[in-house]
Amino acid sequence: MDAQRNALGRNPSGAAAMDEESIRNLLLVSLNAQFKGTAAGELFNGAGKTDILIRERDRNVFIGERKVWDGAQTVTHAIDQLLGYLVWRDTKAALLMFIRTKDVTATIQSAPPPPSKPTPTTNSAVRMTLTAAPTS
């Protein structure tokens, strides 16, 4: 995921033209190369459909929710959404936030912090990854 993030950041004009679905599909190509076809998008889990789900031997090994930054409320809403997709067995989840503002540092600083401990219903922790894809 880090390599894919870096590649998108090195080609900001290409990333700027992508909508959320196109970004997800690009990520799934890399993930399926690594995980031998076990990554998929828009799969039901928990309370809805996850953007990215990697399943190995009938167990979820990763759930990802990706969003394009549209203000600090995007983070809060996305974390709530992601936590709704987790069930008690899920242990790895990530919010992938694509930022298209010119001042990425200021944008990241304006984001609310992620939850500091697992929620009682999921027993899972969330790692928040803010990914820069400036439009210029």
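Note on the stretch 14-34: residues that are hydrophobic (A, V, I, L, M, F, W, C) and loosely packed, with under 14 Cβ neighbours inside 10 Å amount to 3.
Going residue by residue through the stretch 42-57, is there one that turns out to be more than 16 Å from the chain's Cα centre (by Cα) and more than 15 Å from Leu86 (Cα to Cα)? Yes: one or more hits.
Only one of the numbered conditions (1) surrounded by fewer than 16 Cβ atoms within 10 Å (Cβ to Cβ); (2) more than 14 Å from Lys49 (Cα to Cα) is violated by Asp80, and that is (2). Hey, does the stretch 87-102 have a residue that's closer than 15 Å to Thr50 by Cα, out of contact with any strand residue (DSSP E or B) (no Cβ under 7 Å at 6 or more places or on another chain), of a type in the set (Ser, Thr, Tyr) and touching a residue at least 24 places away in the same chain (Cβ under 8 Å)? Yes - at least one qualifying residue is present in the stretch 87-102.
Within the set Glu65, Glu56, Glu42, Glu20, the sole residue that is touching a residue at least 40 places away in the same chain (Cβ under 8 Å) and among the acidic types (Asp, Glu) turns out to be Glu20. Going residue by residue through the stretch 58-76, is there one that turns out to be in contact with an Asp or Glu (Cβ under 7 Å, 6 or more places away or on another chain), within 19 Å of Asn25 (Cα to Cα), surrounded by fewer than 21 Cβ atoms within 10 Å (Cβ to Cβ) and hydrophobic (A, V, I, L, M, F, W, C)? Yes, that holds for at least one residue.
Annotation note: of Asp103, Asp90, the sole residue that is surrounded by 14 or more Cβ atoms within 10 Å (Cβ to Cβ), of a type in the set (D, E, K, R) and either at pLDDT 80 or above or out of contact with any Ser or Thr (no Cβ under 6 Å at 6 or more places or on another chain) (or both) is Asp90.
The values are calculated or read from the model by the stated rules, or taken from the named source; none is laboratory data. Note that the coordinates shown come from a computational prediction; the quantities given were computed from them, not determined experimentally. Cβ sites come from the backbone with ideal geometry, for glycine too, and all protein chains shown count toward neighbours.
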